[in-house]
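Take a look at the structure set out below.
FYI, it's all coordinate maths here, none of it is from the lab. Because the structure is a prediction, the values reported are computed rather than measured. When we count neighbours, we look across all protein chains shown, and the Cβ atoms used for this are built from the backbone with ideal geometry, even at glycine.
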Amino acid sequence: MDMSIRVGIVGTGFARVHVEALKKIPGTEVCAITSRKKERAKEFSKANGIKAEAFDCFKEMLDSAKPDAVYVCLPPFAHEGEVEMAADRGIHLLLEKPIAINSRKARKMVDAIESNRVKSQVGFHMRFRKSVRRLKKMIDNGAAGRPTLFTGRFWANMECSEWWRDKKRSGGQVFEQVIHTYDLATYLFGKVEKADGILRNICHKGRKDYTIEDTSIGALQFTNGAVGVITGSNCAVPNHYFGDFRAVCEKVTLDYKSTGQSWIEPDKALLYLGSKKEEIAEDEDPYLLENKDFIDAIRKNKETVTPARAGLETILIVESVIKNIIKGN
């Protein structure tokens with residue numbers, strides 16, 4: 001029988017997705033929820049059909065509920081030492097992305113996690129897409145040949161929360177959203193030796209409550225010689241999300257096609273192998289696979305697909321991309 005895992009959650013913003021996944025993993029229990037307002041934690045627990053104790057103090061949750069793992073689902077600006085506190089107690093951690101508002105804070109988190117030898121997983125769920133797993137295996141075993149070119153886009157039109165539109169609290173669209181695509185590029189093609197970018201605010205010019213970019217281009221040079229280009233937009237059509245990417249290797253090309261509404265119609269991918277073409281239906285739940293991988297790592301004492309250091313490395317890359325001053329305000 002699998003060992004029982006008690007999970008505590010801090011922050012309710014994106015936690016629902018993880019709660020639904022944990023319900024499907026035998027031997028796991030969400031035992032506690034921490035929010036700035038205890039009533040919000042109670043409401044979250046009730047709305048999601050779980051019997052978790054509510055807290056408004058993270059330390060009190062750790063002392064009272066004694067979770068084996070903590071899911072940190074906080075906005076970038078809201079971290080106040082929760083990761084380090086949990087790691088120092090030997091508690092395993094799943095961290096939503098980006099793991100911190102800057103690389104300095106992210107490095108402290110990673111140091112605490114690694115020095116205490118706890119398991120960690122960062123919420124870069126795209127790593128668990130079926131086609132991504134397939135290409136990653138082919139790159140690792142040499143079947144794909146040398147990686148050469150990665151292109152990706154994260155286009156949307158979202159108003160989002162007030163904190164998300166504030167660069168000091170979210171870091172910007174590249175930092176808070178498009179980071180998914182940057183992580184995917186590095187997961188497949190490896191380490192980046194140089195990153196640069198151009199950022200602009202075009203469609204939200206003059207809005208005092210919108211200090212982030214809404215248009216971006218990032219250029220990457222990988223240590224293996226490959227190159228990449230990633231674009232971001234918050235000026236695209238409303239109610240549709242463009243999240244495509246393409247990966248070109250010597251012997252295989254992956255063309256990932258986003259439907260824009262994957263919750264209604266699943267994404268799909270085309271894998272080109274010489275003269276052959278294979279369609280891959282993205283019909284698996286990447287969030288469930290992400291959670292299973294984390295819980296399995298705790299139970300079997302193995303590495304996760306996306307340890308905390310990956311969260312730090314991706315922040316370092318996007319910091320290089322967004323170093324240019326946003327123009328157009």
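Under the Kirkwood approximation for Rh and a Cα-based Rg, what ratio Rg/Rh is obtained for the chain?
0.96
Taking the Cα atoms of the stretch 126-203, what is the range of coordinates along each of the three principal axes, in descending order and whole Å?
That works out to 46, 27, 20 Å along the principal axes.
Classify the stretch 59-210 as rounded, prolate or oblate from the Cα gyration tensor: take a ≥ b ≥ c as the square roots of its eigenvalues, call it rounded if a/c is under 1.5, otherwise prolate when a/b beats b/c and oblate if not.
Oblate.
If you place +1 on the Cβ of every Lys and Arg, -1 on the Cβ of every Asp and Glu, and leave all else neutral, what size is the dipole of the stretch 1-130 about its Cα centre, to the nearest 20 Debye?
Magnitude of the dipole: close to 480 debye.
At 18 Å minimum axial length over the Cα atoms and a Kyte-Doolittle cut of -1.0, report the qualifying DSSP H helices in the chain, or say none.
286-300, 308-321
Distance between the C-alpha centers of the stretch 157-224 and the stretch 57-130? Whole Å please.
Here the two parts' Cα centres lie 22 Å apart.
What dipole magnitude, in Debye to the nearest 20, does the stretch 137-242 give about its Cα centre under +1 on Lys/Arg Cβ and -1 on Asp/Glu Cβ?
160 debye
Tell me what the chain gives for mean residue ellipticity at 222 nm when only DSSP H runs of n ≥ 4 count, each as -39,500 (n - 2.57), the sum divided by the residue total, rounded to 500 deg cm²/dmol.
Rounded to the nearest 500, it is -9000 deg cm²/dmol.
With Rg and the Kirkwood Rh both taken from Cα atoms, where does Rg over Rh land for the stretch 167-283?
1.02
From the phi angles alone, apply the Karplus equation (6.51, -1.76, 1.60; θ = phi - 60°) to the stretch 71-83 and give each ³J(HN,Hα) in whole Hz, x where the residue is Gly or Pro.
9, 9, 10, 10, x, x, 7, 8, 5, 9, x, 4, 5
Over 21 Å between Cα atoms: which of Lys105/Lys323; Lys23/Lys66; Lys23/Lys105; Lys167/Lys208; Lys42/Lys108 fall into that group?
With Cα atoms farther than 21 Å apart: Lys23/Lys105; Lys42/Lys108.
If each Cα of the stretch 230-321 is one equal point scatterer, what is log10 of I(q)/I(0) from the Debye formula at q = 0.12 Å⁻¹?
Here log10 of I(q) over I(0) equals -0.61.
Given an 8 Å cut-off on Cα distances and at least 6 residues of separation, report the relative contact order of the chain as a percent.
19 percent.
Summarise the long-distance tail of P(r) for the stretch 96-164 by giving the % of C-alpha pairs beyond 13 Å.
For the stretch 96-164, the fraction of Cα-Cα distances above 13 Å is 79 percent.
Which value in nm describes the separation of the simple spin-label points at Asn116 and Glu284, placed 7 Å from the Cα toward the beta carbon?
About 3.1 nm separates the two model spin labels.
All other residues with a Cβ under 11 Å from the Cβ of Phe44 taken together, and with Lys, Arg as +1 and Asp, Glu as -1, what is their net charge?
+4
Using the per-residue mean of other Cβ atoms lying within 10 Å as a proxy for protection, in what order, highest first, do the peptides 110-116, 286-292 fall?
Ranked by mean Cβ neighbours within 10 Å, highest first: 286-292, 110-116.
Compute the whole-percent fraction of alpha carbon pairs in the stretch 34-86 spaced more than 13 Å apart.
61 percent
Straight distance only, please: which aspartates and glutamates reach the Cα of Lys51 with their own Cα at less than 13 Å, same-chain residues fewer than 8 apart left out?
Partners within reach: Glu29, Glu43.
Could you calculate the contour length gain from Ser64 to Ile217, that is, 0.36 nm times the residue separation minus the distance between their Cα atoms, to one decimal place in nm?
Here the segment from Ser64 to Ile217 would lengthen by 50.4 nm.
If the cut-off is a Cα-Cα distance under 14 Å, which aspartates and glutamates reach Lys257, setting aside same-chain residues fewer than 8 apart in sequence?
Asp244, Glu265, Asp267, Glu278, Glu279, Glu282, Asp283
Please work out the FRET efficiency for the pair Lys23 and Glu80, using the Cβ-Cβ distance as r and a Förster radius of 45 Å; give the result to the nearest 0.05.
According to the calculation, E is roughly 0.95.
List the aspartates and glutamates whose Cα lies under 19 Å from the Cα of Lys59, skipping any in the same chain that are fewer than 8 positions away.
Glu39, Asp68, Glu80, Glu82, Glu84, Asp88
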